[in-house]
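Here is the structure we will look at.
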Amino acid sequence: MQNYVWLIPALPFAAFVVTLLLGRWWIKAESHWIPILAMAGSFGLSIAAFIQIRGAEEPVIVRMWQWFSVGSFQVPLAFQIDQLTAVMLLVVTGVGLLIFIYSKGYMHGDPGYYRFFAYMSLFAFSMLLLVLANNYLLLYFGWEAVGLCSYYLIGFFYHKPEAAAAGKKAFIVNRVGDFGFGLGVMLIFVTFGTLDYTGVFAKVAGGAVGHNVLVAIALLLFMGAMGKSAQFPLHVWLPDAMEGPTPVSALIHAATMVTAGVYLVARSSVIFASAPAALLVVGIVGTFTAIFAAVIGMAQNDIKKVLAYSTVSQLGYMFMALGVGAWSGAIFHLVAHAFFKALLFLGAGSVIHSMGGEQDMRCMGGLARRIPVTWITFMTGALALSGVFPFAGFWSKDEILGKNFQAGVYVVWFVGLVAAFITAFYTFRMVFVTFWGKETRSDEKTCALIHESPKSMTWPLILLAVASTVGGFIGLPGSFGVIQRFLEPVFSRASDILGVAEPSVGTLDIVLMVVSLVVALMGMGLAWLIYVRRAQDLPQFFGALFGPVYRVVYNKFYVDEFYAATFVRVAVDGSRSVWHNFDEKVIDGAVHGSAWLWQNWGRVVRPLQTGRVQNYLLGILIGVFVIVTVVVFL
Amino acid sequence: MPGGDVLAIVPELIILVAASAILLIEPFLKADRTAVMAVALTGLFGSIAVSLGLLGQNRVAFAGMLVLSDWAIFFKVLFAAGGALTLMMSSDYLESQRRHIGEYYALLLFAIIGMDLMAAARDLMLFYVSLELMAISSYLLAAFFRYRVRSNESSLKYLLTGSFTSAIMLYGISLVYGQAGATNYAAIENALRGQATGSGTILAVFLVAIGLAFKVSSAPFHMWVPDVYEGAPTPIAGFFSVGPKAAAFSVILAAFIVGFPGAAEQWGILFIVLSILTMLVGNLFALVQTNVKRMLAYSSIAHAGYLLAGVGAMGWSKNSYPGETVLIYLAAYTFINLGAFGVLAFLKSQVGAKFDYSLKQMAGLGRRSPWAGVLLSLFMISLTGIPGTAGFIAKFYLFGSVVWANLVWLAVIGVLLSAVSAYYYLRVVIVMFFKEPEEELSISGPMSGGMAAGLGITAFATLRSAFFPGWLWDSIVRAFGTLFS
Amino acid sequence: MVEKILFIIFAVMTVAGGVGTITRRNVIHALLLLVFTFLNVAAIFFLTQAYFLAVIQILVYAGAILVLFVFVIMFLNLRTFQEQEQTHRGQRWVALVLSVLVLAEFIIVLAGITFVSAKGGFTPEAITAAGGSTRVFSNALFNQTLLPFEVASVILLVAMVGAIILVKKEKAANVATREWEPDAESPAEAAEEEV
Amino acid sequence: MAPTPADMPIPVDWYLYLSAALFMTGVVGVLTRRNLFIILFSIELMMNAVNLNLVGFSRFHENLTGQNFVLFTMVVAAAEAAVGLAIATALFRNRQTLMVDLFDRMKG
């Protein structure tokens, strides 16, 4: 492993350099080959690393070279391979490879074709560096680098003002998080005198450091995670980031980069486990984000925006898991989510592609017959996201909810359950509005052009659909969980600190599973009622469902009102108003407000620089006066 | 005069010969100024080569006025390299501004001679004269576009503030002489060691410090900087932001360590206070700038603040380690900032009179001129101190040493303010790549060889020292060691 | 004692000349007062037995620099400025008060210093014995301070070159860059451009 | 009051006080006058004040370092004057004024 690990990030980097340098004039429309081959190579090597690291108790450290040293403090450029890294490598390279292939079809004919692949390769390189790093500094480097790539790719369609604004927004919001992260890294350095994971964790576990410092470090790191993983209130950049090309949304804003925050917290599990207060914050933020974003997701009409809010919500689930110390549960959901969310995004991309760029779901409908492969795969992804047995999302979400139930935080469990219900609702709202129905609600020209996507796009969809279907079985509950046992060496120390019980499967698990499955089905059913059966039929449906009791207590009219008041007004309108008031007004207002602040700051300071040289000289004299006065009274 | 004395100034003599040759051949040239450029570059690279050949020497020359050591050679190479890069970036620019005359090159070379001697000087007399050589050449370079109001104004402000402060510093030097009876650093130290460090000594030392603080553009002696940089020719502004500043830092380090170690605590505190003020002023003013050239001027003030934190930590801790980190910062900053100004010079030479360096006009630049956009982004990211660039390494070393000197709070202020600085640096990147231009500025031609070489070298140095800083650090430690022998 | 009285006289005249220089409305008058100050400083040099420097002071300052200034003043015809406000209204009182305070502080600090003579041995008697002020001065200059002396010559060269490029009229023959020079009719446009 | 060598007729402190006074006169001139020429004169005054210091100390320490230094300050003063006048000429040609506070095109 020592001798090939460096190739995993090096291959995409080489692809980046070659594509950037030669793409414009020489390779042009064939620019996809080198990046795809590089990704395939990295994927193969990742599999090899994955196999070799299986069951290893200690992480493998691969030292490249001494990056720099300050006195006794050394920062080597070194990689650390352990089970967590291996899983992340597989996700990044595997999903990345499929998305690269997909991009070949999706980006075909774009004037910036080579640029796209170059940036994507650079992104892959940065992300691999991030997960391979063996110290916080290198992690920070990868962190910043993926951020930069992300901004470039969000603003890829720079001629659209929204794309530019979105890039800018992502940039500014992430600054807030990165600032905390940077300070956290500094604090780690000052506290422990090292930045290596092994060194830091050994010192934390040794109990040499005060609790308050650990809480501070953990919270600062989590601040970074909140920015990158779009947790409330720093989530606002992610939905806007959908202005980027769809493969970018799939790779960066669903499957990999946004999970970096989850990875960071999981990686620092020892620190977080030693700082329960910080862990509590993680859990609360995650839980709130999960339900909050799900609520907003109900009101979106742009197909990609729905998926974006759903991503924010699912990331919330992962933090919810981390909050109770279910580290491997979070990583399991991360993997499963990478599969089905990438699938959904790519499916959405395929839909958009077939609709000639249309993203508004209200203009779609009846696509199931026109683009069957996309429909089936999208449906698979939707089932996985909703948490329907036996798809991947079912197992991973259930794992998280179950862990929370076992930990005794029933509030979180309940909120998670409600969020799962809403998730199923908005997911199938999306499916029904897009694919169901007789005809497409668009103009004739667009309708005539609807076609299934090329093979390079459908094959990744099919592969991801398979992964989303069977992927969940790696994480069966309790001692059956392959991934949990695989990851155990990484998290055993943190779990020991927290005192998390050994997993076992009991009746309770089965009950919880059934409950969450029922909830998911109810959400789907409601969506079916509203968007397939249509609202006017709903009272009858309720009537049929609850039978005579219902009819006796309420008359039809009243049920109608009930429905309108509860679901339409409260849920959908309410979610829209949350979206408008919070996301658009508060956060955007804060972003614009800071701009306003700077302008006024300018009004304060700029007159100080008068432009008259003698004022400057007077400034010098004042400086001299102050200094001499200090000397006199010394 | 023994021959060894001359050997100690051969690097400067080579530059002097080149400068004189330029003045002599200038009248005989037709429109083409390639020959002038060739002579200047030959002189500078010759100087670098000879300097490197003299590595490892420790030669005291001219009655102890000057010491040729690795310390001096480090700066000689840095200045000559900075000067050569400035020259490479100037050719196009001057051509496009239609004032391409040899005296520009000669004046730049003269300024470099002054800077070289400042770093090598071990005597206040030589230091003062060299400083003035550098300063007077700088005033003239700032005034180079004599028909432009801004260039005139820039030069006027530089001249008045510069000579005013240098008179104050000279007054301080006379007081140092009065108390020590000598101007040689070692002799001063020797004489002052016997005396109690009273307010008289501190006053003298502080007045000298004020003069140098002016040169490094420390607040509150900074107000000339934005105006002078804005009005000076762009490559020269870049040169001002690195050359004279580094030279002044070399004197602060050398003279204050060797000459006034008895007052180290006092001048350490002075520089720490100046550092805080400078970091604040530089960053908070840079935030509101809409002109990129002016923003870079304020940013150079902010960087002077970070550097002063290192100098202050050195005095405060009475240890040379923070001083060494100042050198690595200076080396990294030289290349980064020259690169940033170089891109601006390139844009000015391409777009022409319409270009006013405003942020608005940078919009969409990343697409129209990808190389310029990418390079400027690299330099901006590096100035911010994001990992993977030389700026990060430099900041890491510097603030690490400040923490090491038990000045954690100072490092925290520095890091917080450099986090603020991300706002104005990265805003340039955002505008270049994510904003549609209001008016299309045409980038007429490709980059010329000189400009491409200059920008390429700066970018390469920025990246290389980001990943392999060990070599640079080792040579700095060696250079610093020779300061005390 | 005689020296002390003379010193006080010259010192008073020096400061008076200085104050006169900075208060005159007419530049020529100010210049003449400046020269008067320089002459008094030269006299003080004389009193300090720095004869060579005294002569240089008169030659360089009173001679060369004076002539230079007079030339330029006449050349630019600055008479017209005399009607304008001469002082910087915004800050003159601040500057004055601050300067007086700094002066007071300087004097407080300076009065507190105990200077220790380095006793270098170059007493006036020793200098006379060694062949006079000029000889000893030159010996020191070319032995001890040769390098600064050379650098000073470069400074003068730079000043000369600089003055030429800033002031000289450019001839079409040897300058390929003539078109940069703005037309006489519309100098403002080109002059306003960002550098 | 410093112990002045027996053969030094004038106490060295006197030079210091005179020098300080002349120096601050120059400072006032630089800061208060608008006319560039007077400002340049004032800077000359400041440098002459330093020269007085140096000469006094040179006599006091009985070495010639101070005197030699004076020569260099004179050279620098002359060069600065020449450059200052050249810049003044350029300024005057472009703006027809030498009141330095009118040159405030660049600010903020």
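The values are calculated or read from the model by the stated rules, or taken from the named source; none is laboratory data. Model, not experiment: these values are computed from the prediction. No Cβ is skipped: glycine too gets one built from the backbone with ideal geometry, and neighbour counts run over all protein chains shown. The area values use the complete protein model at the heavy-atom level, side chains included, leaving out ligands, DNA and RNA. Shrake-Rupley method; radii C 1.70, N 1.55, O 1.52, S 1.80 Å.
The table below gives the values:
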read-out: Inter-label distance for A:Lys28 and C:Thr114, nm, one decimal - labels placed 7 Å from Cα along Cα-to-Cβ; value: 8.9
read-out: Proximal charge balance of D:Arg33 [Cβ under 14 Å; K/R count +1, D/E count -1]; value: +3
read-out: Karplus-derived 3J(HN,Hα), 6.51/-1.76/1.60, for each residue of the stretch A:468-474, Hz, glycine and proline x; value: 5, 7, 9, x, x, 6, 6
read-out: Under 5 Å, built H, 5+ apart or other chain: amide partners of A:Val388; value: A:Phe394
read-out: Value of relative contact order over chain D, rounded to a whole percent, pairs C-alpha under 8 Å and six or more apart; value: 25
read-out: For A:Ala78, distant residues with modelled amide H under 5 Å away; value: A:Met64, A:Asn134
read-out: FRET E, pair B:Tyr423, C:Asn143, Förster distance 56 Å, beta-carbon r, rounded to 0.05; value: 0.45
read-out: Mean ellipticity per residue at 222 nm, deg cm²/dmol - from DSSP H runs of n ≥ 4 across chain C, formula -39500 (n - 2.57); value: -20500 deg cm²/dmol
read-out: Separation of alpha-carbon centers, the stretch B:133-204 and the stretch C:68-122, rounded to whole Å; value: 16
read-out: Summed side-chain charge close to B:Val129 - residues other than B:Val129 whose Cβ falls under 10 Å, Lys, Arg +1, Asp, Glu -1; value: -3
read-out: Peptide A:210-223, shielding by other chains (average Cβ, 10 Å cutoff); value: 0
read-out: q = 0.11, 0.15, 0.21, 0.26 Å⁻¹: log10 I(q)/I(0) that the Debye formula gives for the stretch D:12-97, counting C-alpha atoms only; value: -0.37, -0.61, -0.95, -1.18
read-out: Calculated diffusion of the stretch B:280-438, Stokes-Einstein form, Kirkwood radius summed over Cα pairs, 4 °C and 1.567 mPa s, µm²/s; value: 81
read-out: Label-to-label distance, nm, for residues given as C:Phe71 and A:Met64 (7 Å Cα→Cβ offset); value: 6.4
read-out: Charge context of B:Met223, other residues only, Cβ under 11 angstrom, K/R +1, D/E -1; value: +2
read-out: Rounded to the nearest 10 Å², the accessible area of A:Ser453 at probe 1.4 Å; value: 10
read-out: Unsatisfied cross-links (Cα-Cα over 29 Å) in the set A:Lys28/B:Lys435; A:Lys28/B:Lys360; A:Lys341/A:Lys403; value: A:Lys28/B:Lys360
read-out: When each of A:Lys305/A:Lys455; A:Lys305/B:Lys293; A:Lys228/B:Lys215; B:Lys157/B:Lys318 is checked by Cα-Cα distance, pairs over 30 Å; value: A:Lys305/B:Lys293; A:Lys228/B:Lys215; B:Lys157/B:Lys318
read-out: Order by protection proxy (mean Cβ within 10 Å, highest first), peptides B:145-154, C:158-167; value: B:145-154, C:158-167
read-out: Partner chain coverage, peptide B:224-231 - average Cβ within 10 angstrom; value: 5
read-out: Percentage relative contact order, chain A, counting C-alpha pairs under 8 Å, at least six apart; value: 13
read-out: Reachable lysines, given that their alpha-carbon falls under 27 Å from the alpha-carbon of C:Lys4 and they are not under 8 places away in the same chain; value: C:Lys119
read-out: For chain C, built as a Gaussian network whose Cα springs stay under 10 Å, the top-fluctuating residue of C:Ile127, C:Ile107, C:Ile56; value: C:Ile107
read-out: Folded to 0 to 90 degrees: helix C:66-76 orientation relative to chain C principal axis, Cα; value: 20
read-out: Rounded tilt (10° steps) of B:321-351 against the dominant C-alpha axis of chain B; value: 30
read-out: Relative contact order %, the stretch C:1-83, counting alpha carbon pairs below 8 Å whose residues are six or more apart; value: 28
read-out: Helix A:507-531 axis, angle to chain A major axis (alpha carbon atoms, nearest 10°); value: 70
read-out: Average partner coverage of A:601-607, which counts Cβ from other chains inside 10 Å; value: 4
read-out: Volume per residue that the Cα convex hull of the stretch C:1-83 spans, once the total is divided by residue count, Å³; value: 61
read-out: Mean projected area in nm² (Cα convex hull; one quarter of hull surface) for the stretch A:1-115; value: 8.7
read-out: A:His159 accessible area, 1.4 Å probe, all protein chains in place, Å² to nearest 10; value: 110
read-out: Viscosity 0.692 mPa s, 37 °C: Kirkwood-radius Stokes-Einstein D of the stretch C:48-95 over Cα pairs, µm²/s; value: 238
read-out: Convex hull (Cα only) mean projected area of the protein assembly as shown, reported in nm² to one decimal; value: 56.7
read-out: Radius of gyration and Dmax over the Cα atoms of chain C, both given in Å; value: 23.2, 68
read-out: Candidates D:Phe37, D:Phe92, D:Phe69, ranked by Gaussian network fluctuation over chain D, Cα under 10 Å, top entry; value: D:Phe92
read-out: Rounded to whole Hz, the Karplus (6.51, -1.76, 1.60) HN-Hα couplings of the stretch C:50-62, x for glycine and proline; value: 9, 5, 4, 5, 4, 5, 4, 4, 5, 5, 6, 6, 5
read-out: Sequence ranges B:216-229, B:76-89, ranked by mean other-Cβ count within 10 angstrom, highest first; value: B:216-229, B:76-89
read-out: Cα→Cβ-extended label distance, 7 Å offset, between C:Ile28 and B:Lys30, nm; value: 5.0
read-out: Debye intensity ratio in log₁₀ form over the Cα atoms of the stretch B:3-484, taken at each q of 0.07 Å⁻¹; value: -0.32
read-out: Where Rh is the Kirkwood radius over Cα pairs, Rg/Rh for the stretch A:373-494; value: 1.10
read-out: Per-residue SASA entry for B:Trp371, accessible area with 1.4 Å probe, Å² rounded to 10; value: 150
read-out: Diffusion constant of chain A at 37 °C, which comes from Stokes-Einstein with the Kirkwood Cα-pair radius and 0.692 mPa s, µm²/s; value: 128
